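Input: a single structure, listed below in structure tokens.
The values are calculated or read from the model by the stated rules, or taken from the named source; none is laboratory data. Just so we're clear, the structure is a prediction, and the values are computed from it rather than from any experiment. Glycine gets a Cβ as well: all are built from the backbone with ideal geometry, and neighbour counts include every protein chain shown. Each accessible area value is taken on the protein alone, full model and side chains, heavy atoms only, with ligands, DNA and RNA left out. Shrake-Rupley method; radii C 1.70, N 1.55, O 1.52, S 1.80 Å.
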Amino acid sequence: MSELRYVGRKIVRDDGLTKVTGQLTYPSDLKIDDMYHGALVFASVPHALINDINVEEALKKPGVIDVITWKDVPGINGFGICGPEQPVYCKEKVRYLGDVVAMVVAKTERQARSAVSKVHVDYTVLETVSDSVKAMTDSSTERIPLPGTETAGHNKISRVDYSVGNVEKIFNDPDVIVAENDYKTPYEEHVYLETDIAVATVNENGQLELWGSLQYPHLDRTEIAHVMDLPEGQVIIHAGYQGGGFGSKHDMTIQPAAAVAAWKLKHAVRVHMNREESFLTSAKRVPYQFHVKTAADKEGHLLAHEVVFTADGGPFVAANPAIFCFTIEHSAGVYRFPNVHIEGDIAYTNNAHCGAFRGFGCNQICYALESQMDELAAKLGMDSLDFREMNQIRTGQPLSMTHRFGGSDGLAVSYDVVRNTNLYKNKEAFKAAAAKPYLKRGIGFGWALQGVGMGNFCPDYCIVDVKLHEDGHFSVSTGAVEMGQGVVTTCHILAAEKAQVSYDQIQVLVGDTDTTPDAGGTVASRSTLTAGNAMWIAFDTMQDYAAEELKKSYRHVALDFDGYLCDGRLVTWAEIYKLLPPEKHTVQGKYHVPETNKHLPFGVHYIYGYCAHIVGVEVNTLTGQTQVIESEILPAVGTVVNRLGYEGQAEGGTSMALGYALMEDFRMDQESRVLTKNLQTYMVPTTKDMPRVCKVTPIETIEREGPYGAGGMGEVVCIPGTPAITNAIRDAIGMTVRELPASPEKVLMWLRENA
Amino acid sequence: MLNISKYYRVSSLEEALDLLNKETWKILGGGTDIVPQMRAGAHKDAALMDIQLLKNELGSVEMRDGDLVIGALCTHEELRHNDLVKEYMPTLADACAHVGSPQIRKRGTIAGNVINASPAGDTIPSLVAAGASARFLSVNGERLVPVEDIATRPGRTVKEDNELLTEFIIPLEGKAWKGTYDKVGVRNALQISIADCAVISHPDFGVRIACGSVGPTVKRALQSEALFAKEGMTREDFASAMAEDICPIDDVRASAAYRREVLTNLIYLHYQER
Ligand SMILES: Cc1cc2nc3c(=O)[nH]c(=O)nc-3n(C[C@H](O)[C@H](O)[C@H](O)COP(=O)(O)OP(=O)(O)OC[C@H]3O[C@@H](n4cnc5c(N)ncnc54)[C@H](O)[C@@H]3O)c2cc1C
């Protein structure tokens, strides 16, 4: 595709300069004259019935305007991605320590915060349920969901049991080679830089207007309208530019609470969580316990795969059922198993609220599966790369879950590309280069696939408006949110390419229910594919209008750079603007992501992105510390739209995979109290932890469904690095990492026991 | 939310001592310990005395009578690059290089690190191992306190309210300390140590070891030190010595067992490599 003008180059992001100079306003920068400030009253116990909320003393404190509680909620006192189950303000019970019981509104933040302890809540304390297995299996544990909530069993959010073929028959065959292991993954906190914020006000038209930490403004508008009992047209949501999200902001936190306060007081109210509050309340990556059994024949052909798991969903349904289904869908990874059995339950507990996190349930199972692949290869005496390649799914075949899939052919070539990496070619030299006898080196791989878009779980569409302006420039608007991932720049590049205009002739607007159409959520690695295709449709319409109009006056009309070549003369878009009737100045494109051929008991995708990752690590056998020395990530996600953005995503994904592998561990005690309250004890990698060699090698095969062949890469790049690292630890010292993170302590204690 | 009653920047040592004698102040060095503590609710309504302007008086490193003298206001960043420190007390330079992040190293001071009295203060093991003392000054005069005796328990010191720490004196007899400083954590920067130790030696004073984050205060590891004088010691010998030298606890960052194991491994390594 050498004729492409913008796609595939290194283009500096549109918002780069305004970000580094501090000019760009994030929601937390917003100041409205005279606005009030809210401070949250959180549950003081993780599980209790509320008898009484007494606000009298708080109301007397200086500067306090009001204390908002459930009584002030005009509509449904609940919200949540898979059902309005999280209370805006708790009424009958609290179910975790991040539950909001009330909000003190005062003239200053300091006044509001200092009155929080004066709100007195009388509780009948209930048993804390913090063990996810016991929560579901022991019916004498206290029930967590609110009365009347439908569940899949005692304290059970959902359950899936799905089989293809017959795994038992395979496992019973004495000739097969079986690897059977337990794996465990931790809660993970997103640590976006901008902690959760909401600023709500009632504007001069009497509409509720809200700026906040949000990843899907149009859905948030619907939810807030329900909470407020207002028509959607009465609610305006501005999400625009966020200081990071990584999926967590897909779940709202304090935004509905702020909306209720602003509406009641008919005054602007700002609520901004500090780091500790954000850690306490925001959705974490769901922790899992897996029991995995994988079988192959003696030649190394995979035969059967069984995954039995429980997950801890925390106090709310939230996005848990969708995440859980995603795990099931991805449990066979990039491999072809004729027989699978997947069975899992997800529990309610009083622990952290769980939800979406970059990778959405794939990271956990990918780590377990890729560990199994290495273990099986070792048992078979096979090279683990050959073993993987031999069992990969092939284009045209259905996936192990039996549905058909599209996508690029990148996976098929990825094995050879990995064999060609410097690290792989020099693996023996790499391993021999450890400087001290107590430093042990190893290399490891991981492969992942990741569904792009919502799957057939829910409607998956994106709308883009394209508007031609008088001076000939186009504005491209869509409800996607810019969280740092670069969606604005990606849309800009794709629009300029499709429109065939100078780069500065495109303006991109995002993330606002007032000025941009519904893009679907900015989640699921979907924006490049969906917004790119929707604007493609819109520009096609625009170009048809233009050509039709021009053909009235010219004989030969052809799209050219910055306009149309008409009988040898360039008619610019500014001139075309004048020729077109006003109703043709704005066009809309709506794109639906194609669905796969089957509806399974869990939503499945048609389009997937792939990624391979190879790393070289060094384990210090005296301290248990692991350093990733070299890393090469090889995403196979179609065309590179912007080389800079692509590398940024892949390097950031590498660091996230490294954190999940080696250090990130959000912990609570048995009473569901957070132990890792802030960044002092919750460890995320720093630049000093990044590998000295950190290469990004795109496997650029065309994603047939995507704009200019581009697919979705946001998530898949943070997944295979984790098992690559744990597999490299195995290669270095022989330890199979059974529980993430592979902290120095776990590694050293394993070494002591296995010396 | 910072709640302070007063902030004052003193312009001379005399003024500082005078004010410290009259009223209760919280001395503010780089503020990298105090400010986060205030955010967490400590030092409510404190009167802060900023001593940054005393940099001329308290900010130098020099050799005095064969000893290395380090001013209280020296920052970690200055110490890690200081030629005298690098030559005579290299483990201290190394420890300073591993404190926090560039921002923290440029603000945080050595006196603040010691007076904060955290068992995880990175500069403390080298100072304790070398037998360094701190000079405390007040209107009533001065006194020298061994660094090992400054902290009585986490966050508490023997410093009197009217005293200011002015400098540290590291005994050298004109000769350099050599050795290693190990800091164990789960990542390579911005890491409060899980366990750390300085294993140093000096032609006149012999081998000295001090360990941090494995007890309420940083202490010499006397039993382990003694083993360095003997030949043929095994890892088990060191494990038994460490059992007496340190008393770590389980906390959210690591278990006591890990702390014991890792320090035993490291000290035994240095014994083998000595
Ligand atoms: C993000 C972060 C990372 C950190 N990482 C590390 C790390 O890796 N290793 C580590 O050891 N520490 C670390 N710290 C802690 C801190 O930076 C150090 O302890 C630093 O040396 C404190 O020095 P300061 O001058 O900032 O102390 P301040 O906060 O100013 O003071 C600390 C205490 O010392 C007292 N004090 C200060 N100077 C004097 C004086 N001259 N006389 C008498 N009393 C005095 C103060 O009253 C106060 O009680 C970190 C802190 C932060 C915020």
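Do we have A:GLY472 as closer than 21 Å to A:ALA546 by Cβ, in contact (Cβ under 8 Å) with a residue 24 or more places away in the chain and touching a strand residue (DSSP E or B) at 6+ places or on another chain (Cβ under 9 Å) here? So A:GLY472 passes the test. Screening the candidates A:GLU276, A:GLU306 for the property of being part of a helix (DSSP H, G or I) and more than 17 Å from the chain's Cα centre (by Cα) yields one hit, A:GLU276. Within the range B:157-203, restricting attention to residues that are more than 14 Å from the ligand (Cβ to nearest atom) and among the small types (Gly, Ala, Ser), the residue that is nearest to the other protein chains (Cβ to nearest Cβ) is B:GLY179. Does B:PRO203 satisfy being over 30 Å from B:VAL61 (Cα atoms) and in contact with a Lys or Arg (Cβ under 8 Å, 6 or more places away or on another chain)? So B:PRO203 fails the test.
So that you can scan it fast, the table gives a plain yes or no per residue for (1) open to solvent by 10 Å² or more (accessible area, probe 1.4 Å); (2) within 11 Å of the ligand (Cβ to nearest atom):
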{"position": "B:THR32", "(1), (2)": "yes, yes"}
{"position": "B:LEU58", "(1), (2)": "no, yes"}
{"position": "B:GLU62", "(1), (2)": "yes, no"}
{"position": "B:GLY71", "(1), (2)": "no, yes"}
{"position": "B:CYS74", "(1), (2)": "no, yes"}
{"position": "B:TYR88", "(1), (2)": "yes, no"}
{"position": "B:ALA97", "(1), (2)": "yes, yes"}
{"position": "B:ASN113", "(1), (2)": "yes, yes"}
{"position": "B:LEU127", "(1), (2)": "no, no"}
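Residues that are among the hydrophobic types (A, V, I, L, M, F, W, C) and surrounded by fewer than 15 Cβ atoms within 10 Å (Cβ to Cβ) within the range A:428-467 comprise A:ALA429, A:ALA432, A:ALA433, A:ALA435, A:CYS458, listed in sequence order.
Filtering the range A:461-488 to residues that are under 15 Å from A:SER502 (Cα atoms) and of a type in the set (A, V, I, L, M) leaves A:LEU468, A:VAL476.
Count of the range B:55-87 residues, restricted to those that are outside any loop (DSSP other than H, G, I, E, B) and either under 17 Å from B:GLY131 (Cα atoms) or not basic (Lys, Arg) (or both), is 22.
On inspection, A:VAL717 does not qualify as open to solvent by 10 Å² or more (accessible area, probe 1.4 Å), outside the structural domain of A:VAL94 (by TED's automatic domain parsing) and in contact with a helix residue (DSSP H, G or I) (Cβ under 8 Å, 6 or more places away or on another chain). In the set B:VAL186, B:VAL145, only one residue is open to solvent by less than 40 Å² (accessible area, probe 1.4 Å), of a type in the set (A, V, I, L, M) and either outside any strand (DSSP E or B) or in contact with a Cys (Cβ under 7 Å, 6 or more places away or on another chain) (or both); that residue is B:VAL186.
Residue-by-condition table, conditions (1) within 14 Å of chain B (Cβ to nearest Cβ); (2) within 19 Å of A:LYS184 (Cα to Cα); (3) not aromatic (Phe, Trp, Tyr):
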{"position": "A:LEU662", "(1), (2), (3)": "yes, yes, yes"}
{"position": "A:LYS677", "(1), (2), (3)": "yes, no, yes"}
{"position": "A:ASP689", "(1), (2), (3)": "yes, no, yes"}
{"position": "A:GLY712", "(1), (2), (3)": "no, no, yes"}
{"position": "A:PRO720", "(1), (2), (3)": "no, yes, yes"}
{"position": "A:ILE725", "(1), (2), (3)": "yes, yes, yes"}
{"position": "A:ALA732", "(1), (2), (3)": "no, no, yes"}
{"position": "A:LYS746", "(1), (2), (3)": "yes, yes, yes"}
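B:TYR271 meets the conditions (1) assigned to a loop (DSSP other than H, G, I, E, B); (2) buried (at least 18 other Cβ atoms within 10 Å of the Cβ) in every case but one. The failed one is (1). Scanning the range B:78-86 for residues that are more than 8 Å from the ligand (Cβ to nearest atom), of a type outside the set (Ser, Thr, Tyr), touching a Cys at 6+ places or on another chain (Cβ under 7 Å) and away from every other protein chain (no Cβ under 14 Å) turns up at least one hit.
On the basis of being touching a Ser or Thr at 6+ places or on another chain (Cβ under 9 Å), more than 14 Å from every other protein chain (Cβ to nearest Cβ) and open to solvent by 30 Å² or more (accessible area, probe 1.4 Å), does A:GLU703 make the cut? Taking the combined requirement at face value, the residue does not satisfy it. The condition of being of a type outside the set (A, V, I, L, M, F, W, C), over 30 Å from A:GLU482 (Cβ atoms), open to solvent by 10 Å² or more (accessible area, probe 1.4 Å) and assigned by TED's automatic domain parsing to the domain that holds A:ALA106 holds for only one of A:ASP297, A:ASP229, that being A:ASP229.
Among the conditions (1) outside the structural domain of B:GLY131 (by TED's automatic domain parsing); (2) within 14 Å of the ligand (Cβ to nearest atom); (3) not in a helix (DSSP H, G or I), the only one that B:ALA16 does not satisfy is (3). Kindly evaluate B:SER224 against the criterion of being open to solvent by less than 10 Å² (accessible area, probe 1.4 Å), at pLDDT 95 or above and touching an Asp or Glu at 6+ places or on another chain (Cβ under 7 Å). Answer is yes for this residue. Might you let me know whether the range B:88-111 holds any residue that is assigned to a loop (DSSP other than H, G, I, E, B), on the phi > 0 side of the Ramachandran plot and away from chain A (no Cβ under 14 Å)? Looking for residues that are assigned to a loop (DSSP other than H, G, I, E, B), on the phi > 0 side of the Ramachandran plot and away from chain A (no Cβ under 14 Å), one finds none in the range B:88-111, hence no. When restricted to residues that are without any contact (Cβ under 8 Å) to a residue 60 or more places away in the chain and outside any helix (DSSP H, G or I), the range A:1-27 contains 5. Only one entry of B:ILE200, B:ILE192 meets the criterion of being in contact with a helix residue (DSSP H, G or I) (Cβ under 7 Å, 6 or more places away or on another chain), aliphatic (A, V, I, L, M) and touching a residue at least 40 places away in the same chain (Cβ under 8 Å), and that entry is B:ILE200.
Please go through the range A:225-270 and give me each residue that is touching a Ser or Thr at 6+ places or on another chain (Cβ under 6 Å), assigned to a helix (DSSP H, G or I) and closer than 14 Å to A:GLY206 by Cβ, ordered by number. A:ALA262, the sole residue that qualifies. Any chance the range B:241-252 includes a residue that's more than 30 Å from A:MET668 (Cβ to Cβ), away from chain A (no Cβ under 14 Å) and of a type in the set (A, V, I, L, M, F, W, C)? Looking through the range B:241-252, at least one residue is more than 30 Å from A:MET668 (Cβ to Cβ), away from chain A (no Cβ under 14 Å) and of a type in the set (A, V, I, L, M, F, W, C).
Within the range A:665-690, the set of residues being in a loop (DSSP other than H, G, I, E, B), open to solvent by less than 10 Å² (accessible area, probe 1.4 Å) and not small (Gly, Ala, Ser) comprises A:THR676, A:TYR682. The number of residues in the range B:34-56 being near the ligand (Cβ under 8 Å from one of its atoms), touching a residue at least 12 places away in the same chain (Cβ under 8 Å) and open to solvent by 40 Å² or more (accessible area, probe 1.4 Å) comes to 1. B:ARG135 meets each of the listed conditions (1) more than 14 Å from chain A (Cβ to nearest Cβ); (2) within 9 Å of the ligand (Cβ to nearest atom); (3) open to solvent by 20 Å² or more (accessible area, probe 1.4 Å) apart from (2).
Yes/no matrix, rows are residues, columns are (1) of a type in the set (Phe, Trp, Tyr); (2) closer than 23 Å to A:VAL452 by Cα; (3) touching a residue at least 60 places away in the same chain (Cβ under 8 Å):
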{"residue": "A:MET390", "(1), (2), (3)": "no, no, yes"}
{"residue": "A:GLN397", "(1), (2), (3)": "no, yes, yes"}
{"residue": "A:HIS403", "(1), (2), (3)": "no, yes, yes"}
{"residue": "A:THR421", "(1), (2), (3)": "no, no, yes"}
{"residue": "A:ALA429", "(1), (2), (3)": "no, no, no"}
